[in-house]
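Everything on this sheet refers to the single structure shown next.
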Amino acid sequence: MVARVASRLSLGGFRQMHAQRHAPADHAQSLAAAVRRVTTRSLQKLASRTSGPEPAGGFPVLEGGLPVIGHLYEMYRSFPELCARGAAAHGPNFYIEAGPGVRQLMCTAPTALQVLKHSAASTSFYAEGFSALLEGTLFALDGDEHRGVRQAITPPFTPQRVRRSDVVSIVVDAHRRRIDSWLRRREFDVVTETREIALEIIFRILGVPPVHLPQWERQYNRYLVAGLPANVLKGPLYWYAIRARTWIDEHLGAMVDELRASGDGSTLAGAMANARGEDGRLLERDAAVRNLRVLVFAGHETTASAIAWSTLHLASSNELQQRAVAEVQGMDDLGAVATDGARFTFAEAMFREALRLYPPVHSVIRRARGPIDLDGATIPENTLVNIPIVHLLREPARFPNPGRFDADRWIERPRPGTVETAMFGGGPHFCLGYHIAITEGTLFNLLLARALHRNKLVLERVDDGPVPTPTYLPLTHPPRNTMMRFVPSSRNDFHSEGFEHARYADQ
Ligand code: HEM
């Protein structure tokens, strides 16, 4: 039906317009006919995909989807509201149209996190849709194959090893230098800047020498073009991205060879390159390269987005800045504080709250390789299941007044459980970089607070409006060009010695 309507509207109009303007020109007519043929074919193909497979399992389809794009625009602009609307209308499980022909079963109850542990829940979706980015990496492997690679490369990601490796010194150095550069500028765009820091950190963790960073950044940005769905784009841009991937893999391969020759496992990259499977053999070289490469993809936009959100809230609240500054007074070794698992700082609470309110990965997707039972219902084989993390992290019973940025909810709670860490996924694919991300975000907040304290400054938004609202595709992120600046704190007294809000300092 959509194809018929589209074909009438667009091609009829095109024909009429074309006939009026260029009636005598034969070549124009044949061009129009060719365009018509191609457009009709594309629209018919699109329309046949829009309707998708029949909604299986007896779950309802959420109303309000648009022709062709379904609920895609609502996902982009207001994904949490879409989830809440669906759950209110249909209960926890319902289908949405996440684009032409892509029907996803939304499972919005916290129990849906159990699906991630089910043996029939497959991550094949990542290889289907984003093969150039994720094929052959941890993300897209299942079962024993995933277990084998994950076990081999997990050790350097544990909190003890992160603390002992070069990660903390790299993070401190990169954050400190970047914050210093902001102090020298009139204003800066927090979103662009935090992305650049996160990218620099992950490249340096991989062992890229600082002088080569611009070249790696360039290649990496080209490679990201491969993130466009593979079936839509297999033209010149795709091959441009693949060429950049080849460049990255060749260079990472050379690094792996070097690290293997030296046997050095003291750095995170060294430990990954020298990772051994259960049989004691070195991980296959290609697997080591692919999984080093995916760290950049997994670890930079995510961390950058959460740091940007926590900075946006900090800049919008004098009270938050007072408490952040009070905390760092009297702290010496910020690296040790940030990696101390027994100490829950206000800086960490702010970072976790940013991740709760704006989880960069708003949904985790799985393909059901067989039937999966969930709360008395059965998810049929082949269903694409969407577990909307962003919705789970706004459950009012667990997070009262869920739309409010409230770092204290993390101070008052015991250590976070399965739902409280859902922004990092769940089950066997739970984020490998969890401890690195928390260290990175906490350290950033501590170092920023120390810069405010030492320089007697306050951070403020240039446009002074409310904290902007996010968009959700592909990741949850704030708008670019959100400018900030430092101003002298003469208007505030919170840098004075007598400031009493040291509730979280040196606990
Ligand atoms: C705040 C920052 C981060 C967030 C919110 C985040 C979120 C996530 C989520 C939700 C997943 C699970 C995806 C799924 O199950 O489909 C995941 C997986 C993963 N993350 Fe992170 N991540 C962050 C930072 C990092 C960092 C810094 C690294 C590496 C240095 C990293 C490496 C990975 C890897 C390798 C996986 C795949 C694990 C597997 O499939 O076994 N992440 N992350």
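Couple of notes before you dig in:
- Dmax and Rg, reported as Rg then Dmax, of segment 195-303 (C-alpha, Å): 14.6, 43
- Cα centroids of segment 119-181 and segment 388-413: 26 Å apart.
- If you bin all the Cα-Cα distances of segment 96-205 at 10 Å, starting from zero, the percentages per bin are 11, 24, 28, 26, 11, 0.
- Calculated SAXS-style log₁₀ I(q)/I(0) at q = 0.15, 0.17, 0.21 Å⁻¹ - segment 375-452, Debye, Cα scatterers: -0.75, -0.91, -1.20
- √(5λ) per eigenvalue of the Cα gyration tensor, segment 255-301, largest first, Å: 19, 12, 9
- Cα gyration tensor shape of segment 254-403, rounded if a/c is under 1.5, else prolate or oblate by comparing a/b with b/c: oblate
- If you take all other residues with their beta carbon under 13 Å from the beta carbon of LEU392, and give Lys and Arg +1 and Asp and Glu -1, the sum is +1.
A short reminder: the numbers here are calculations on the coordinates, not readings from a lab. Quantities reported herein were computed from a predicted structural model and do not represent experimental measurements. Don't worry about glycine lacking a Cβ; one is built from the backbone with ideal geometry, like all the others, and counts go over all protein chains shown.
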